[in-house]
Structure formats: C-alpha cells, structure tokens
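The structure appears below as structure tokens.
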Amino acid sequence: LETFNVSLAVSDEFGCVDSISHGVQRYPCIFVNFVTDTSIYCERQTIIFTDSSIIDETATITNREWKFGDGYEINTGAEVEMVTHAYETSDVEQGYTITYVVTFDVDGDMLTDTARKNIMVYPSPYTDFDVNNICDGETALLISNTNANNSILASWTWNFGDGQDTTVIGNEVNNAINHLYEQSGVYEISLMALTDLGCRDTAFGGIAVNPMPVIHFVADTNAFCGIGDILFTDSSTLESGSIIERYWNFGDGISANSPLDTILHTYIPFEEQLNELFTVSLTATSDSACSATDSIMEMISLYSMPLPSFEVYPDSVAITDIQDIILVNNSENAIYYEWLMSDSILWEDVYEPHVYEKIQDTGRFSLKLYAESMDGCLDSTDSYFVVYPVLRFFVPNAFSPNGNGVNEYFGPQGRYFEDKSYNFRIFNRWGKQVYETNDYYQPWDGIDESTGEIAPIGVYAYVIELVDLNGNVETYKGSVTLIL
C-alpha cells in the first residue's frame, strides 16, 4: 500500500500558526456492480448477468461468486464476467435477492466487495397445442392447450412452418385457429404465448400434410358386345407413401374393394335389346388414410347382341321332297346375315336362303346362321335337318326254313346305314334270345342258337339297331312268323 503524509497548518488573525501531520495509506478504488439483459424477469426465462464493476488498476480480481437467491450458487473464477440463470418459480411478493461477491488482490492483501439487487420474477405461461396430421387440401385445426399459470395472457403468435404466421390478440387460454397448407410436406409449428408483462413461452410441434393420390385408371377395352369381362388397371400416382386400398364402382350397381392395382369385372346387360353406357369411378386410399376419387363418365359402352334364331320346316325330309324345305328367320336386332351349310356352302347377306338348291345327296345337314347388329356385334346359332333316302328299310313278316329253297331266311332289306353298327336279334315268345348277329349279310335260318335245332313254329320278336349315314341311331322292332 502506498503511504502519504498529510499536513494541516492553521493561523489565526494574530499571525499565530500551528500545524499537524499524519500518514495516510491509500487503498485501490473498487465499485462492485452487475447488470442484466432485461428489466422484466420471467420464470423459466434465461437472464444474462454481466459484471459492471469498476476496479482500480492496482487491484486484480481473483474470483467472482454469484448467489441468485433461489439456492443456486456459482463461482466463475477471475476471467468469466457473464453468467446466465433461469428461475423455475415466479415470486412477485418478496422476489429474489442476487448477491454478487468479487474477491481481488491488492499487493498481496485479499479484499472483497459485494453488490446486491432484489428482482421480482413474474409467472410465465405453460404453452402447448394439439394438431393432427392432415391430407393435402384439408384445413389444419390447431388448438392451444396453454396453462396461463396465474398470468394474464395478452397475445398468441402462431408460426405454421410454411413461411406464414399470425398473431392473435386476446386473453383466451385455449384458442383455436385454422390453417390451409398449399402443398404436402412436413412442417414445424410453434406457438408463443405472451403475457401482459412480457413473459412468454413457446411450444413446438410438427404436422405432416400427406399427399393425395392422383387418380388415373384405364380399361383393356371400352366397348364390347353382350356379356363381357373388362380388366381395369389403376395407374394412380402418389407423391410419397403407397396406395393400400382401392374402391371401384363399375356403374352397373356393383362395386368392389381391392388392395391390388388390377381388377376384372363382368358386365351383364340389363336389357338384351338396349345399348348401355357405364360411368366408372375409383377411390384410392393411401397408407396415410388420404383418399381421392375420380370418375370417367360413360367409360364403358355395352352394345346389345343380335339374337339369331331360325327354324327349319320340316327338319327331316326325303331326298325327293327337298324343295319343301323352308327356313324361317326369327332373328332380332340384326341387319346382316350369313348362312353356312355343312361347313362348305355359304350364303352372304341373305335373309332366308333356298337351301334345297345346294343339296345333292342324302344325309344330315348342319346349318349355322351368323347375325350382325348395326353396332357390329356378332352372334350365331345352329341347327340341322335330315335328308333321307326314299327307300330306307324293309323287314318281311314271315319265312319258312323248311329246306325247299324258298323263303328259307329271315332278315331285313335296306341300305344307307353303317354296316359296323348293325345288330340283329330274335326272341321267342318268352323273351329268350334265340339268335343274334352283327353281320347284315347273315339272316336268321330258323336255328335256335341255344339248342342248335330248328325253332318251333310260332311268332318271334325282332330288334334291329343301326346307325344311319348321318350318324342317327335307328331302332326297328317287330314280329315275324316262322312256318314250316
């Protein structure tokens, strides 16, 4: 310490003088103080405390000690001049006393000085809000769930994360606000509540604005005749995520759900003689539960089918009477006709052809009618008729196998049948079979095959089975008298 001699000399009016001297030691000039970055102190708000002490150049600070009055203390050493602290609890009655103690060295002597300030810490709100994820194009509803915490709220500031924000003036604790996002994405939302004294709290949260499916679908055909299957393919797009469910409405009163992007549907006409148009719609739902619907008006054209029908009179006729064959065309919803007989003879654009003009022989003739509607729909039907020979079969009614060479055998006389199909059987009056052959050229000679002897005189039944040249199974039954 530096020592100074101080002298005081006093003289009176008579010139008398006296003096006194003392030695004085001079200590450094020190003024401990601090400042804060705000004049309003709010709970849970960080306050910056900065040393503003005035220290003589002869003194050296060795330590700084902060006591904030809420039980929290900190020593920052000699170099740190700034500290921060937040009060978790408000106190507007007694407040908090902040004690700042500075220790310094003056020529080896450790000295201290203290600054004290009392502050009031005002309550801050506890801000919170609710929001649900939405789909693109929907309006987000944001609801404040703020606790005023014994404060008076003055305003709310919402930041929606898309470059837009809004401030609501008022003391309503649980306010709500709507916001429309222009495009899909994930947005960070914040809500700041401000009290009338300037205390604030901010809550943060996120919202996902999920993209909507962009509907597009096609069919493998857009027009068909009569009953038909159509394969629909969903080619909808989604910006992110995936489509997990599809609801199809086929316009015919039938709908279906499917997770697949293709579906097969069968259209059945309501009225056979009416053309119909069907509007098809598709609703696609994403894994974020976002759904979109689109329709294609009159996407499917269902044309009525022609109804070909005809009759042949008669359906069986002798070769000598083929000019009597008449075709009656009973078709409906048709404007063009083609006829095909026996897969070889064709009549084009003829309503009712004269088929007998093309018949040269006996047989079973197939006849197919193709009918076409004005919309180009085709259908066909077929039938057949038989032209048989004039003389088909003759069976005698008696024979005499007595060895005189006259009428010794019994068998049919005929032609126009398949030899291999021939079966000829004879039965006695008790139903016992006495003769059978598959050879047309082996008539019965009257011998009972079971005894090897000539059968007794009497009436015998016969059954003849064969297939004619047209493939028809024919059966002839009758009786014959055996005489000797």
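The values are calculated or read from the model by the stated rules, or taken from the named source; none is laboratory data. If you're wondering where the values come from, they're calculated on a predicted model, not measured in any experiment. Positions of Cβ are backbone-derived with ideal geometry, glycine not excepted, and every protein chain shown enters the neighbour counts. Side chains included, ligands, DNA and RNA excluded: accessible areas come from the protein's heavy atoms. Shrake-Rupley method; radii C 1.70, N 1.55, O 1.52, S 1.80 Å.
Which residue is surrounded by the most Cβ atoms within 10 Å (Cβ to Cβ), if the candidates are limited to region 366-423 and must be among the acidic types (Asp, Glu) and farther than 17 Å from Thr481 by Cα?
Filtering region 366-423 for residues that are among the acidic types (Asp, Glu) and farther than 17 Å from Thr481 by Cα, the one surrounded by the most Cβ atoms within 10 Å (Cβ to Cβ) comes out as Glu372.
Hey, does region 346-360 have a residue that's of a type in the set (Ser, Thr, Tyr), open to solvent by 20 Å² or more (accessible area, probe 1.4 Å) and more than 30 Å from Val218 (Cα to Cα)?
Step one: filter region 346-360 for residues of a type in the set (Ser, Thr, Tyr), giving 351, 356.
Now drop any that are not open to solvent by 20 Å² or more (accessible area, probe 1.4 Å), which leaves 351, 356.
Filter again for more than 30 Å from Val218 (Cα to Cα), leaving 351, 356.
Within region 346-360 (the criterion being of a type in the set (Ser, Thr, Tyr), open to solvent by 20 Å² or more (accessible area, probe 1.4 Å) and more than 30 Å from Val218 (Cα to Cα)), the answer is yes, since at least one residue qualifies.
Within region 199-218, does at least one residue satisfy the condition of being in contact with a Ser or Thr (Cβ under 9 Å, 6 or more places away or on another chain), of a type outside the set (A, V, I, L, M, F, W, C) and closer than 28 Å to Ala334 by Cα?
no
For region 118-128, enumerate the residues that are within 16 Å of Asn174 (Cα to Cα) and either polar (S, T, N, Q) or open to solvent by 20 Å² or more (accessible area, probe 1.4 Å) (or both). Give the steps one after another, and end with the answer.
Applying the first criterion (within 16 Å of Asn174 (Cα to Cα)) to region 118-128 yields 124-128.
Those that are within 16 Å of Asn174 (Cα to Cα) and either polar (S, T, N, Q) or open to solvent by 20 Å² or more (accessible area, probe 1.4 Å) (or both): Ser124, Tyr126, Thr127, Asp128.
Pull out all pairs, ordered by first then second residue, where Cβ-Cβ is under 6 Å, the residues are six or more apart or on different chains, the first lies in region 71-85 and is farther than 11 Å from Tyr100 by Cα, and the second is exposed (fewer than 10 other Cβ atoms within 10 Å of the Cβ).
Here the result reads none, with nothing in region 71-85 linked to a residue that is exposed (fewer than 10 other Cβ atoms within 10 Å of the Cβ).
Determine which member of the set Leu484, Leu466 is in a strand (DSSP E or B) and either touching a residue at least 60 places away in the same chain (Cβ under 8 Å) or within 30 Å of Val387 (Cα to Cα) (or both).
Exactly one residue qualifies, and that residue is Leu466.
Which of the residues that make up region 441-459 are open to solvent by less than 40 Å² (accessible area, probe 1.4 Å) and either within 19 Å of Phe393 (Cα to Cα) or of a type in the set (D, E, K, R) (or both)?
Trp444, Asp448
Of everything in region 171-226 that's hydroxyl-bearing (Ser, Thr, Tyr) and over 27 Å from Arg246 (Cα atoms), which residue is least open to solvent (accessible area, probe 1.4 Å)? Outline the logic, then answer.
Narrowing region 171-226 to residues hydroxyl-bearing (Ser, Thr, Tyr): 181, 184, 187, 190, 195, 202, 221.
Those still in the list that are over 27 Å from Arg246 (Cα atoms) too: 187, 190, 195, 202.
Numbers: Tyr187: 29, Ser190: 24, Thr195: 6, Thr202: 52 Å².
Per the stated criteria, the residue is Thr195.
Inspect region 11-32 for any residue being of a type outside the set (A, V, I, L, M, F, W, C) and under 30 Å from Leu197 (Cβ atoms) and give the result as yes or no.
The answer is no, given that none of the residues of region 11-32 is of a type outside the set (A, V, I, L, M, F, W, C) and under 30 Å from Leu197 (Cβ atoms).
Would it be correct to say that His216 is within 25 Å of the chain's Cα centre (by Cα) and either at pLDDT below 95 or closer than 30 Å to Thr285 by Cβ (or both)?
Considered against the rule, which asks whether it is within 25 Å of the chain's Cα centre (by Cα) and either at pLDDT below 95 or closer than 30 Å to Thr285 by Cβ (or both), His216 comes out as yes.
Would you check which residues across region 234-253 are more than 28 Å from Ile207 (Cα to Cα), out of contact with any strand residue (DSSP E or B) (no Cβ under 7 Å at 6 or more places or on another chain) and surrounded by 13 or more Cβ atoms within 10 Å (Cβ to Cβ) and list them?
At the first step, the residues of region 234-253 found to be more than 28 Å from Ile207 (Cα to Cα) are 234-235, 248-253.
Okay, now just the ones that are also out of contact with any strand residue (DSSP E or B) (no Cβ under 7 Å at 6 or more places or on another chain), so 253.
None; the set is empty.
Name the residues in region 64-94 that are among the charged types (D, E, K, R), touching a Lys or Arg at 6+ places or on another chain (Cβ under 7 Å) and part of a loop (DSSP other than H, G, I, E, B), would you? Reasoning before the result, please.
So in region 64-94, the residues among the charged types (D, E, K, R) come out as 64-65, 67, 70, 73, 79, 81, 88, 91, 93.
Restricting the remaining residues to those that are touching a Lys or Arg at 6+ places or on another chain (Cβ under 7 Å) gives 73, 88.
Result: Glu88, single match.
Please work out which one of (1) surrounded by 13 or more Cβ atoms within 10 Å (Cβ to Cβ); (2) in a loop (DSSP other than H, G, I, E, B); (3) not charged (D, E, K, R) is the condition Ile426 fails and give its number.
(2)
Take the residues in region 381-430 that are among the small types (Gly, Ala, Ser) and either in contact with a Pro (Cβ under 7 Å, 6 or more places away or on another chain) or touching a residue at least 24 places away in the same chain (Cβ under 8 Å) (or both), then tell me which one is farthest from Leu327 (Cα to Cα).
Ser400
Could you pull out every one of the strands (runs of 3 or more DSSP E) wholly within region 113-228 that has 3 or more residues that are not hydrophobic (A, V, I, L, M, F, W, C)?
153-159, 165-169, 185-195, 200-210
State yes or no: is Tyr384 within 30 Å of Gly226 (Cα to Cα), aromatic (Phe, Trp, Tyr) and assigned to a strand (DSSP E or B)?
The answer is yes for Tyr384.
Can you confirm whether Thr97 is loosely packed, with under 15 Cβ neighbours inside 10 Å, in contact (Cβ under 8 Å) with a residue 24 or more places away in the chain, more than 48 Å from the chain's Cα centre (by Cα) and not in a loop (DSSP other than H, G, I, E, B)?
Details: loosely packed, with under 15 Cβ neighbours inside 10 Å: yes; in contact (Cβ under 8 Å) with a residue 24 or more places away in the chain: yes; more than 48 Å from the chain's Cα centre (by Cα): yes; not in a loop (DSSP other than H, G, I, E, B): yes.
Yes, satisfied.
Within region 298-323, can you find the residues that are without any contact (Cβ under 8 Å) to a residue 24 or more places away in the chain, of a type in the set (D, E, K, R) and more than 22 Å from Asn275 (Cβ to Cβ)?
Listed by number, the list holds a single entry, Asp321.
Can you go through Tyr267, Tyr303 and tell me which one is more than 30 Å from Asp136 (Cα to Cα), of a type in the set (Phe, Trp, Tyr), out of contact with any Lys or Arg (no Cβ under 7 Å at 6 or more places or on another chain) and open to solvent by 30 Å² or more (accessible area, probe 1.4 Å)? Break it down into steps so the answer makes sense when it comes.
Working: Tyr267 fails: open to solvent by 30 Å² or more (accessible area, probe 1.4 Å).
Going through Tyr267, Tyr303 in turn, just one is more than 30 Å from Asp136 (Cα to Cα), of a type in the set (Phe, Trp, Tyr), out of contact with any Lys or Arg (no Cβ under 7 Å at 6 or more places or on another chain) and open to solvent by 30 Å² or more (accessible area, probe 1.4 Å): Tyr303.
Would you check if Arg44 is among the basic types (Lys, Arg), in a loop (DSSP other than H, G, I, E, B), touching a strand residue (DSSP E or B) at 6+ places or on another chain (Cβ under 9 Å) and open to solvent by less than 80 Å² (accessible area, probe 1.4 Å)?
yes
Test Thr58 against the stated conditions and say whether it is in a loop (DSSP other than H, G, I, E, B) and within 30 Å of Asn150 (Cβ to Cβ).
For Thr58, the condition - in a loop (DSSP other than H, G, I, E, B) and within 30 Å of Asn150 (Cβ to Cβ) - is not met.
From the list Ala140, Ala154, Ala115, which residue is within 16 Å of Thr202 (Cα to Cα) and buried (at least 16 other Cβ atoms within 10 Å of the Cβ)?
Ala154
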